[in-house]
Structure formats: C-alpha cells, structure tokens
Protein chains: 2
Amino acid sequence: MNAPHFSTKERILDAAEELFARNGFAGASLRELTAAAKVNLAAVNYHYGSKDNLVNEVFRRRLDELNSERLAALDDVLAQPAHTLEDLLAAFIRPALSLSIDKPGGATFVRVLARAYAEHNERLRKFLSDNYGQALKAFAAALGACLPHLDKEELYWRIDIIAGALTYAMADFGVIKRRASMSEQTYRERAAEHLIRFAAAGLRAE
Amino acid sequence: MNAPHFSTKERILDAAEELFARNGFAGASLRELTAAAKVNLAAVNYHYGSKDNLVNEVFRRRLDELNSERLAALDDVLAQPAHTLEDLLAAFIRPALSLSIDKPGGATFVRVLARAYAEHNERLRKFLSDNYGQALKAFAAALGACLPHLDKEELYWRIDIIAGALTYAMADFGVIKRRASMSEQTYRERAAEHLIRFAAAGLRAE
DNA sequence: CCGTGGTCCAAACGATCGTTTGAATCATAC
DNA sequence: GTATGATTCAAACGATCGTTTGGACCACGG
C-alpha cells in the first residue's frame, strides 16, 4: 500500500475535496479524482456507491465537527451572563476559521462549502440545511436577544448577509488579492477580526 | 421562424443564461441549451465558435451595461460636493438591483454572476477583472475619500466583504428563504436598503 | 490447506459530452 | 431566374463521462 496510515476511503475523500474545490462538483471527474487519490477508478463506486453520495460524505466529514464546535462555542458564550454581540459572532466565525487554518485540508473544504452555496442543487441545499439549519437557528435566537430593536425579519436579513459574506471571505473569494508578504494564517485571522467588527456594526445599525 | 423579433443568437444567449444559472457552466449541456432555445445543436458553434466563448458573451451582454451604469451613477454622486457614504454604496448597488428587477432575465444573470465568483476558472476571473476591475477601483477611491480614518488595507478588506455580500444577497443565496407573500420586487428593494445600511455601518466601524 | 469475505484491479458498458461535417434551405442582389 | 453568401439542419465524429463487471489478490479462521 502507498500510505499505510491513510485508507483508500480517506484518500478518496481528500482527493475529492481538493478537486471539488478546484473544478466544482460537475467539473471534477472520477477518473482524475481516483488518479489523484492513487486508487482504482472503481474504488469510488465500491466504497461510496456513487459520485453523488461521495459529495455528501465530503461534506459530512467536516460539517459534523464544525457544527458541534459552533454550538459548543455558542453555549460557552451564552453561559456568560453579560456577553457581547462580538462574542456571538466570534462563536460563529472562529470555528470556521479554525477549520480553515488548523485542520489539514480545511481551507480547501471552505472553498467547497462556498461552491455548495453557489449551487442550487436541491440535494445539496437539503444537506446543508440539515447540518447548518439548527445551528443557524440557535445563533439567530442568540443574536436576536442581543438586538431587541430589530424585528425578526430585519434580523434574518442581516444574518443572511453575514453568512454570505463570511463564506466569501473565508473562501478567499472576491477581487482583492492578498499580498504575497502576508501569510495565510495572518490573512485569515485578520479576515475574522474584520468580519466580526463589520458584522457587529452592521447588526447594530439603525 | 419561431419568434421573429428574437434572433437565433439572442435566443441562445437567453437560454444559456437560464441554464448556466440553474446548472452551472459545466453542468449545462449544449443539447438541452439548444433545445430550450429552439435552435439546432450546431447553432452555438456556428454563432459563437465554442461553448467557452458563449459563456464570455453571456457575461459581456450584461456586464458592459452594468459597468457603465455604475460608473455613471458614481460620477453623479461625486458631482455633489457633500455626498454621503450611503450615496456611494447606492451607486454601486442600485444598478445591480435595477438589472435584477427591471431587465428581463436580469435576476437570472445575477445568479450566473454569483456562480462566476464561485468558479476559480482563470479565464472567467480575468474576464470579470477586465470588466469589474476598473469600476471597483474607482469606487474604492471614492469610498476611501469618505473614510479617511481607514488605511488602504483595511478599506480594501471591507470593500471585498461588501462585494461578496452583495453578490450573495442579490443572487438570493443564503439559508433564509423569503416569504412567499413578499413579491420579488419588494424582496430585492429591501435587500438593497438593508445592504446599504449594513455596508455603511460596517465601513464606518471603529 | 482450503475456503471465505473484503478489497482491488483492468476492461468494458452505454450514455452523453462538445464539436464537425456536408448538404439543404433561406435571403438578397444582379 | 440565378448566383452568392449566410444560416439551419440531421447526422456523425472522437472523447469523456459515471457505472458495472468478473476475476485476481490478500488476510484470516476453519
């Protein structure tokens, strides 16, 4: 075997994550995917049944952890009697930042996640709703308690904008390129700081 | 001929816009595209040379107009000696809103535009940079003049976030669904109002 | 030692992809 | 009417897609 500590199934997930981020779900073929993973072409169908289900598993591996980390961070903040808006936003943003910085392949997955937002694929949206929906609802309730001047519709509008902006920023999208002199870690930490300040100001507006 | 006022070339562009928005660039095949446009399969290659070039033309048809409208709106704002941050943001956001509401197929194109952001395709990014880059630079200069307390790096960070959030909001992305009772027009007008207030607060922060 | 179940492999399947071809059809000018 | 150039058409091209097949390989319990 090539890498004794990484099974065929794991190598397929890693290669899928990389290729989905680079070429999209429809644009990544199983042939270049299995070539990158150094497994046989039939291994994807053998271990995951189909390409569609492989997409699901790529998300599940990361979203389960990200979701529980966000909810745990939210619980910690809510346990503090006098928490701030910035604390809540940090609880939402920092786990994604940690995934992006600390976990191998995490930055790649965030790009895959942004692709999933851009896809109108019904199955993918259901999958995201199942995994993200509960956490998003919990955050919306906590944010709403901090912002009594906002009605529910206004609050949801703003949370929606924040979630989109976060996904873009974390995925290194957008037109402005980061300077080559700035490290990936510094770049993402500043992104989180800016996004938290920006989002807090936007939520407090009016 | 089927629709005497719409040529084959135009019907291809319309069908391409719709299918690219729904299925992405790689996910939309020329066969379903030409079937939707009610033209022969070979018509795409005859009129546009290749599928890749068809993608370019779909963008060119809309971006040329959006770009000049934004720059014209920016000029109008800059002509007023005492313009506000909200005026500048409106000059950036409202032309896209107008495209989305008033122009037939405009809402569809905004979804295509969001797909282009999600694609890391080098050719597409160059095309966007060529069309959007100059306008974005002009807006950055005007915004920077309104925000002397921000250094260049901080300003570019925040503009980047705004551009991403705008694209998401206009494309009807995000998790929160709009209520069925709210019309598409009302929905998008409120999106612009919220985004302008949100972005202004974020830019002014600290 | 042989059998059994899990894994991997080369090869092929039918389907669909973007593109090309060459003739049919149309509009226009002489 | 006829020649000319633009456009449309059915059909096929080679390539690539996701998936399936049937046997080879390997580890392990009998």
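The values are calculated or read from the model by the stated rules, or taken from the named source; none is laboratory data. Bear in mind the structure is a predicted one, so any value in this text is a computation, not a measurement. Using ideal geometry, Cβ is built from the backbone for each residue, glycine included, and neighbour counts are taken over all protein chains shown. These area figures cover heavy atoms from the full protein model, side chains too; ligands, DNA and RNA do not enter into them. Shrake-Rupley method; radii C 1.70, N 1.55, O 1.52, S 1.80 Å.
Counting only Cβ charges, +1 for Lys and Arg and -1 for Asp and Glu, the dipole size of the protein assembly as shown around its Cα centre is about 1020 debye.
Between the stretch A:26-98 and the stretch B:52-81, the alpha-carbon centres lie 37 Å apart.
The interface between chain B and chain A buries about 4400 Å² of solvent-accessible area in total (1.4 Å probe, ligands and nucleic acids excluded). Based on DSSP H segments of at least four residues, each scored -39500 (n - 2.57), the protein assembly as shown has a per-residue ellipticity at 222 nm of -25500 deg cm²/dmol. Across identical copies of the chain, B:SER129 has label-point separations of 3.8 nm, listed in ascending order, with the point defined 7 angstrom from Cα along Cα→Cβ.
Sequence-distant contacts, meaning Cα pairs under 8 Å at least 6 residues apart, place the relative contact order of the stretch B:35-155 at 26 percent. Distances, shortest first, from the label point of A:HIS47 to those at the same position in the other copies read 4.6 nm; the point lies 7 Å along Cα to C-beta. Each Lys or Arg adds one and each Asp or Glu takes one away; over the other residues whose Cβ falls under 14 Å from the Cβ of A:ALA72, this sums to -4. Please report the relative contact order for chain B, taking Cα pairs under 8 Å with a sequence separation of at least 6, and give it as a percent rounded to a whole number. Relative contact order comes out at 22 percent.
Surface exposure of the protein assembly as shown, expressed per residue as accessible area with a 1.4 Å probe, stands at 45 Å². How far is helix B:8-27 tilted, in degrees, relative to the longest principal axis of the Cα atoms in chain B, given as a value from 0 to 90 rounded to the nearest 10? Taking the Cα atoms of chain B, the angle to B:8-27 is about 70 degrees.
Here's the picture: charge each Lys and Arg Cβ at +1 and each Asp and Glu Cβ at -1 in the stretch A:1-114, and of A:PHE59, A:LEU71, A:LEU19 the one pushed furthest to the positive end of that dipole is A:LEU19. Couplings 3J(HN,Hα) for the stretch B:64-69, derived from phi with the Karplus relation 6.51 cos²θ - 1.76 cosθ + 1.60 (θ = phi - 60°), are 4, 6, 4, 4, 6, 5 Hz, where x marks Gly and Pro.
Split the accessible area of the stretch A:58-204 by element, probe 1.4 Å, and carbon with sulfur accounts for 53%. Think of each Lys and Arg Cβ as +1 and each Asp and Glu Cβ as -1; about the Cα centre, that makes the dipole of the stretch A:58-204 roughly 540 debye. For the stretch B:59-204, the alpha-carbon coordinates run over 41, 38, 27 Å along the three principal axes, in decreasing order. Any idea what the relative contact order of the stretch A:1-49 is, in percent, if you count C-alpha pairs under 8 Å spaced at least 6 apart? The value is 38 percent. Taking the accessible area of the stretch B:1-49, probe 1.4 Å, and keeping the other protein chains in place, the carbon and sulfur fraction comes to 53%.
For the stretch A:124-131, putting each phi into the Karplus relation 6.51 cos²θ - 1.76 cosθ + 1.60 with θ = phi - 60° gives couplings of 5, 5, 5, 4, 5, 5, 5, 8 Hz, in residue order, rounded to whole numbers and with x for Gly and Pro. Annotation for A:THR186, label-to-label distances across the other copies: 5.0 nm (shortest first, one decimal, point 7 Å from Cα along Cα→Cβ).
Pairs spanning more than 22 Å between alpha-carbon atoms, out of A:LYS9/A:LYS51; A:LYS38/B:LYS51; B:LYS9/B:LYS51; B:LYS9/B:LYS103; A:LYS9/A:LYS126; A:LYS152/B:LYS103: A:LYS38/B:LYS51; A:LYS9/A:LYS126; A:LYS152/B:LYS103.
Counting only other chain Cβ atoms within 10 Å of each residue's Cβ, the peptide A:112-122 averages 4. Calculated on the alpha-carbon coordinates, the convex hull of the stretch B:1-49 measures out at 67 cubic angstrom per residue.
Summary: within chain A, the longest segment free of trypsin sites (Lys or Arg not before Pro) located in DSSP loops with at most 10 other C-beta atoms within 10 Å is A:1-176.
Could you state the angle between the C-alpha long axis of helix A:85-102 and the longest principal axis of the C-alpha atoms of chain A, as a value from 0 to 90 degrees rounded to the nearest 10? Compared with the principal axis, the helix lies near 20 degrees. Rounded to the nearest 10 degrees, the angle from helix B:152-170 to the longest Cα principal axis of chain B is 40 degrees. How big is D for the protein assembly as shown, in µm² s⁻¹ as a whole number, if Stokes-Einstein is applied with the Kirkwood radius of its Cα pairs at 10 °C and 1.306 mPa s? Translational D for this selection: 70 µm²/s.
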